[in-house]
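For reference, the structure is listed below as structure tokens.
Each reported figure results from applying straightforward, stated rules to the coordinates on display, with no laboratory input. Keep in mind the model is a prediction, meaning the values are calculated, not measured. Using ideal geometry, Cβ is built from the backbone for each residue, glycine included, and neighbour counts are taken over all protein chains shown.
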Ligand code: 57M
């Protein structure tokens, strides 16, 4: 809104020209979302406690989690509100990618809310069935794929890191790729969100990384110099990434150990899907495996554990999956696991960004 209201005034005073710059609006998107989440969450915590929308006892959980019973969940709601209000304030609302990301937030936030609400009403962690959740995720990501390819004119050429000129035309297969990336990222973040700040920290690192990648993908000269895909209009996604970064940091202020609030599936599913959708829009899907490497490792630990468990009739690779529970059962303290995972997340993100010049 601010962009549309104030930028046109540059005809009367050159100072308003500043609202044209994505860098300026991204910086203020970070600060606005941070401020909004910091002031919204405390009163939301009180609202959740009054509604009794809190963590209930769950079967088969490390003992250390018993002390968490009663912690309010669904903190993803004020996070999404902060993001969307910030985007409406600072983004160019004529940019189709902004609207596709707003729809992604609402679609996957809706799935997460349904799951969280069911868990609260039924107790003992019984939310939507895996089939219901997966079915809705595939449906909504298919809609996102259609909006991207059919409405936004998104190119279905696939780009690989390091390879300069090998950009195969995937055609209709890109729909499947988009669904895989969005649904995969959504579930990987959901699985990771099992310790205080364990999802919000790496999400902040990931959105910060994609803030830079979106700016570069949308900037013709930079994209050509780095030989990455030039995606006209992708630069505006930096503003959305800034809002996500600010809101996640504001949430982390209260979700840091010992957490006063959990984000809930309404947060983890939507933020994960947004990470996947942003990676698709800026054509850096493979780099997501590195930037979101922590989420990949956590999801892989579950896949390997379940597969091995079934193949061997009950044996386990890890003491418990996802991986963070394995370290809990090894006796690592929760803060130690969290901070070490953050450090790994930062290393992975820096490694990913360093590949941009290795061409
Ligand atoms: C998402 N949810 C947390 C909170 C958060 C197939 C199987 C791998 C599925 C998986 C599963 O159920 N995952 C659900 C993880 C839960 O967090 C809530 O859920 C939201 C995110 N989705 O926002 O609302 C608990 O995590 C703790 N927590 C914190 N701080 C936070 O900031 O301490 C969360 C956020 C919260 C709280 O205790 O209640 C969760 O862990 O359920 N299942 C699992 O992950 C289970 N693993 C498992 O069964 N492993 C098996 C194999 C055979 C699959 C094994 O390894 O033997 C774990 N889930 C539970 N307990 N509940 C095991 C331990």
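Pairs of C-alpha atoms in the range 208-307 farther apart than 20 Å represent 47 percent of all such pairs.
Potential lengthening of the chain between residue 35 and residue 134 amounts to 32.3 nm, from the contour at 0.36 nm per residue minus the alpha-carbon distance.
Net length available on complete extension from residue 96 to residue 13 is 27.0 nm, with 0.36 nm assigned per residue and the Cα-Cα distance removed. The Rg/Rh ratio for the range 189-267 is 1.12, where Rg is the radius of gyration of the alpha carbons and Rh is the Kirkwood radius.
Over the range 29-135, what portion of Cα pair distances is larger than 20 Å, expressed as a whole percent?
Details: 2958 of 5671 pairs.
That tail contains 52 percent of the Cα-Cα pairs.
Springs between Cα atoms under 10 Å define the GNM used for the chain, and in it the highest mean-square fluctuation of 269, 203, 348 occurs at 348.
Stretch residue 358-residue 27 to full length: gain in nm at 0.36 nm per residue minus the Cα-Cα span?
Extra length available between residue 358 and residue 27 comes to 116.4 nm.
Mind checking the angle between helix 130-146 and the chain's longest principal axis? C-alpha axes, 0 to 90 degrees, to the nearest 10. With both axes taken from Cα atoms, the answer is about 0 degrees. Compute the long axis of helix 76-90 from its Cα atoms, compare it with the longest principal axis of the Cα atoms of the chain, and write down the angle in degrees, 0 to 90, nearest 10. The angle comes out at about 10 degrees.
Within the range 165-182, whose backbone N sits under 14 Å from a point 7 Å along Cα→Cβ of residue 289? In the range 165-182, the label zone of residue 289 (backbone N under 14 Å from the point 7 Å along Cα→Cβ) covers 181.
Rounded to the nearest 0.05, what FRET efficiency is calculated for residue 142 and residue 343 with R0 set to 56 Å and r the Cβ-Cβ distance?
Working: r = 37 Å, r/R0 = 0.65.
With a Förster radius of 56 Å, E is 0.95.
Each of residue 177 and residue 303 was given a label point 7 Å from its Cα along the Cα-to-Cβ line. The distance between the two points is 1.8 nm. The alpha carbons of the chain occupy a box of 63, 47, 35 Å along the principal axes, longest dimension given first. Rounded to the nearest 10 degrees, the angle from helix 237-255 to the longest Cα principal axis of the chain is 30 degrees.
Projecting label points 7 angstrom from Cα along Cα→Cβ for residue 150 and residue 224 puts them 3.5 nm apart. Using only alpha-carbon positions in the range 145-250, the gyration tensor eigenvalues give semi-axes of 26, 18, 13 Å once each is multiplied by 5 and square-rooted (largest first).
Which distance in nm do the two modelled labels at residue 336 and residue 316 give, with both placed 7 Å along the Cα-to-Cβ direction? Taking the simple label geometry, residue 336 and residue 316 are separated by 1.9 nm.
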